[in-house]
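The values are calculated or read from the model by the stated rules, or taken from the named source; none is laboratory data. Fair warning: this is a prediction, and the values are worked out from it, not measured in the lab. Heads up, the Cβs are rebuilt from the backbone with ideal geometry, glycines too, and the neighbour counts pull from every protein chain shown. When the accessible area is computed, the model is the full protein with side chains, heavy atoms only, and any ligands, DNA or RNA have been set aside. Shrake-Rupley method; radii C 1.70, N 1.55, O 1.52, S 1.80 Å.
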Amino acid sequence: MSEAETRETAPSSPSPAQAEAQPRQITTYEDVWRFRPRRLVEPASVDEVRVAVRQATAAGLRVRAMGFGSSWARHVVTRDVCVSTSRLNRIHAIDPIGKTVIVDAGVRLGDLTRALADRNLSLPSLSFLPDVTIGGAVATATHGTSPHWGTLSDFVRSMQVVLANGEVREFGPASTPQELHAARVAIGMLGVIVRLELEVVERPWVRFSQEFSDLATLRARLPAMLQSYEHIWVHWTLGEDRIMVELLEKSASPGPGFYPYTPVWRPSNRVLVQMLNRVGISTSALLQIRDRCLGFIKAAKRGSLRPAGNNGKVFMSMQYAVPAAQLETAIERIRNSDFARQNPGQVVEMKFLRHQDSSYLGPNCDGDAVGFNLWWLVDEPMKYTVFASFEQTMKSMGGRPHWGKYHTPPTLAEMQAAFPRWAEFEAVRRRLDPDGTFSIFRGDRSDTAA
Ligand SMILES: Cc1cc2nc3c(=O)[nH]c(=O)nc-3n(C[C@H](O)[C@H](O)[C@H](O)COP(=O)(O)OP(=O)(O)OC[C@H]3O[C@@H](n4cnc5c(N)ncnc54)[C@H](O)[C@@H]3O)c2cc1C
């Protein structure tokens with residue numbers, strides 16, 4: 001990623017974190033976390049990030065990077081120094097021949113998707129929310145749901161990270177493979193990602209369809225579906241074992257019903273959502289309004305309305321991934337769990353990922369994987385506990401937490417069990433950040449998460 005090849009093409013939209021600089025209190029998506037760091041820094045250049053990190057290290061403070069703040073995991077929270085990437089938001093170069101793009105870490109996924117689309121390019125598989133920053137998405141192995149592709153971290157060709165000593169280190173073809181493996185999914189533990197080079201593909205045409213069935217039919221049909229469709233998203237209703245599958249079929253050229261690939265799958269929503277995004281209404285805001293209304297209607301039907309302005313409910317999400325070979329076992333364990341018995345009518349999603357040997361801490365680091373995802377509107381006082389028994393079930397299978405979704409901190413033993421190459425990650429981390437400036441784990445001088 002040489003400076004010579006970088007060329008500024010388009011600024012990305014500013015994030016609300018900028019507006020929150022004065023009050024110094026930071027709130028994340030759905031107010032899941034509120035915290036007041038000792039320093040909130042909003043650097044507009046890599047040099048400013050270096051200065052902020054060096055000053056923090058000199059003062060013995062810890063540092064957490066923050067993108068759009070849409071993670072449910074507590075790792076974004078810090079009492080010390082929060083480095084927001086909201087002003088690092090340039091798309092530097094798009095190379096349609098080499099099929100790469102170079103972006104600042106604070107660029108939003110939606111802005112990048114639009115800029116690539118203008119050149120008939122796309123990331124190979126997109127996650128759902130366009131508001132997230134590329135840095136935040138890569139740090140947490142954010143992903144779409146495709147049996148043919150991995151996570152956004154897997155698309156990273158190289159990246160620049162500001163280390164604890166203020167040095168900018170590039171991880172890529174010129175660094176050791178161990179360092180690049182560690183950096184691709186590090187949850188900010190190596191330093192602040194400031195710039196990334198990602199692989200892109202020619203933008204495919206896709207056709208949306210849905211299938212409705214029962215669980216037994218899905219289990220019989222799934223192997224064939226995973227072969228035939230580019231993207232597959234399963235919604236399984238607990239208790240009733242009803243299945244709704246959303247599918248995207250890929251084509252290299254347009255045809256009846258095909259449209260250019262975007263993160264919004266349903267053709268009916270696509271145009272409206274994209275129009276509203278363009279006038280500054282974020283997809284997360286739209287989702288909150290839509291799903292609060294739906295939640296309100298559901299609650300009214302059950303006669304359990306609450307008087308609070310937001311109906312006393314918040315959206316929470318938890319996801320654990322297991323190897324695809326354990327899909328059947330995982331379905332059985334979830335199906336027979338107390339969690340399923342206590343939550344009839346609620347939906348568990350299944351998301352699919354192809355094996356990529358490109359990171360130590362990605363969900364698909366040692367084989368194809370399936371993520372079991374919960375995205376529920378829950379009672380606010382229960383937000384940290386509502387998924388506890390689901391989490392136990394998934395941990396009992398060595399499940400891997402989604403680093404950007406709610407989870408209780410894994411113990412060292414759980415990390416070793418879930419990530420076979422954890423020790424290799426830890427060796428790189430200790431070498432690059434020996435004092436634990438960016439660590440998310442307790443044990444050294446952590447006041448942050450785990
Ligand atoms: C409505 C909604 C839908 C979602 N849908 C999906 C989905 O479809 N698929 C999926 O996989 N996930 C999904 N997520 C999760 C989301 O993609 C992740 O939480 C992602 O990390 C959010 O990016 P962000 O910019 O908001 O990061 P933040 O929340 O700001 O940060 C997340 C983590 O990354 C670290 N970090 C952020 N920026 C940097 C940086 N520059 N350098 C180093 N570390 C950094 C932070 O310290 C923190 O630990 C969804 C979230 C929401 C709210």
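For every residue, the table says whether it meets (1) more than 9 Å from the ligand (Cβ to nearest atom); (2) buried (at least 24 other Cβ atoms within 10 Å of the Cβ).
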| position | (1), (2) |
| --- | --- |
| 118 | yes, no |
| 129 | no, no |
| 136 | no, yes |
| 150 | yes, yes |
| 156 | yes, no |
| 167 | yes, no |
| 172 | yes, no |
| 175 | yes, no |
| 190 | no, yes |
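For residue 300, the conditions (1) open to solvent by 60 Å² or more (accessible area, probe 1.4 Å); (2) modelled with pLDDT under 75 are fulfilled apart from (1). The residue pairs whose first member lies in the range 113-135 and is at pLDDT below 95, whose second member is of a type in the set (Asp, Glu) and assigned to a strand (DSSP E or B), and whose beta carbons are closer than 7 Å, counting only pairs six or more residues apart or on different chains, do not exist in this structure. Entry remark, the range 106-159: residues being out of contact with any Lys or Arg (no Cβ under 9 Å at 6 or more places or on another chain) and aliphatic (A, V, I, L, M) number 9 in total.
Out of the residues in the range 227-243 that are of a type outside the set (D, E, K, R) and part of a loop (DSSP other than H, G, I, E, B), state the one that is least open to solvent (accessible area, probe 1.4 Å). The qualifying residue least open to solvent (accessible area, probe 1.4 Å) is 238.
Restricting the range 412-450 to residues that are assigned to a loop (DSSP other than H, G, I, E, B) and open to solvent by 70 Å² or more (accessible area, probe 1.4 Å), which is modelled with the lowest pLDDT?
Residues of the range 412-450 assigned to a loop (DSSP other than H, G, I, E, B): 419-421, 433-450.
Next, only the ones that are open to solvent by 70 Å² or more (accessible area, probe 1.4 Å) stay: 420-421, 434-435, 442-445.
Details: 420: 96, 421: 97, 434: 95, 435: 95, 442: 58, 443: 52, 444: 45, 445: 38.
Looking at residues that are assigned to a loop (DSSP other than H, G, I, E, B) and open to solvent by 70 Å² or more (accessible area, probe 1.4 Å), I get 445.
Checked against the criterion of being touching a Leu at 6+ places or on another chain (Cβ under 6 Å) and among the charged types (D, E, K, R), the candidates 95, 80, 31, 47 yield just one match: 80. In this structure, residue 64 qualifies as in contact (Cβ under 8 Å) with a residue 24 or more places away in the chain, open to solvent by less than 20 Å² (accessible area, probe 1.4 Å) and within 14 Å of the ligand (Cβ to nearest atom). Scan the range 70-108 for residues that are of a type in the set (A, V, I, L, M, F, W, C) and near the ligand (Cβ under 8 Å from one of its atoms) and the total you get is 6. Within the range 335-366, work out how many residues are open to solvent by less than 20 Å² (accessible area, probe 1.4 Å) and over 19 Å from the mean Cα position of the chain (by Cα). Summing the residues that are open to solvent by less than 20 Å² (accessible area, probe 1.4 Å) and over 19 Å from the mean Cα position of the chain (by Cα) in the range 335-366 gives 3. Does residue 390 meet the test of being touching a residue at least 60 places away in the same chain (Cβ under 8 Å), in contact with a strand residue (DSSP E or B) (Cβ under 8 Å, 6 or more places away or on another chain), more than 17 Å from residue 74 (Cα to Cα) and part of a helix (DSSP H, G or I)? The answer is yes for residue 390.
Which one is farthest from the ligand (Cβ to nearest atom), of the residues in the range 309-343 that are closer than 22 Å to residue 215 by Cα and part of a strand (DSSP E or B)?
Pass one, the range 309-343, residues closer than 22 Å to residue 215 by Cα: 318-343.
Keeping just the survivors that are part of a strand (DSSP E or B) gives 318-323.
Details: 318: 11, 319: 7, 320: 12, 321: 10, 322: 16, 323: 18 Å.
Ranking the candidates gives 323 first.
A Cβ distance below 6 Å, combined with a sequence gap of six or more or placement on separate chains, defines the contacts here; from the range 273-289, residues that are under 13 Å from residue 131 (Cβ atoms) and modelled with pLDDT under 75 reach residues that are in a helix (DSSP H, G or I) and open to solvent by less than 40 Å² (accessible area, probe 1.4 Å) in the pairs 277/110. One residue stands out among those in the range 400-411 that are at pLDDT below 95 and of a type outside the set (S, T, N, Q): the one that is least open to solvent (accessible area, probe 1.4 Å), which is 410.
In this structure, is residue 161 open to solvent by less than 10 Å² (accessible area, probe 1.4 Å) and more than 15 Å from the ligand (Cβ to nearest atom)?
Values: open to solvent by less than 10 Å² (accessible area, probe 1.4 Å): yes; more than 15 Å from the ligand (Cβ to nearest atom): no.
Taking the combined requirement at face value, the residue does not satisfy it.
If I filter the range 244-262 for residues that are surrounded by fewer than 19 Cβ atoms within 10 Å (Cβ to Cβ), more than 27 Å from residue 123 (Cα to Cα) and either in contact with a Ser or Thr (Cβ under 8 Å, 6 or more places away or on another chain) or without any contact (Cβ under 8 Å) to a residue 40 or more places away in the chain (or both), do I get at least one hit? No: the range 244-262 contains no residue that is surrounded by fewer than 19 Cβ atoms within 10 Å (Cβ to Cβ), more than 27 Å from residue 123 (Cα to Cα) and either in contact with a Ser or Thr (Cβ under 8 Å, 6 or more places away or on another chain) or without any contact (Cβ under 8 Å) to a residue 40 or more places away in the chain (or both).
Tell me the residue from 371, 398, 404 that is at positive phi and in contact (Cβ under 8 Å) with a residue 24 or more places away in the chain, please. It is 398. Condition (residue is surrounded by fewer than 16 Cβ atoms within 10 Å (Cβ to Cβ) and aliphatic (A, V, I, L, M)) applied to the range 367-384: is it met by at least one residue? The answer is yes; a qualifying residue exists.
May I ask you to verify whether residue 146 is without any contact (Cβ under 8 Å) to a residue 60 or more places away in the chain, surrounded by fewer than 24 Cβ atoms within 10 Å (Cβ to Cβ), under 30 Å from residue 248 (Cα atoms) and of a type in the set (S, T, N, Q)? Step through it out loud before you land on a result.
Values: without any contact (Cβ under 8 Å) to a residue 60 or more places away in the chain: no; surrounded by fewer than 24 Cβ atoms within 10 Å (Cβ to Cβ): yes; under 30 Å from residue 248 (Cα atoms): yes; of a type in the set (S, T, N, Q): yes.
No; evaluated as a whole, the condition is false for this residue.
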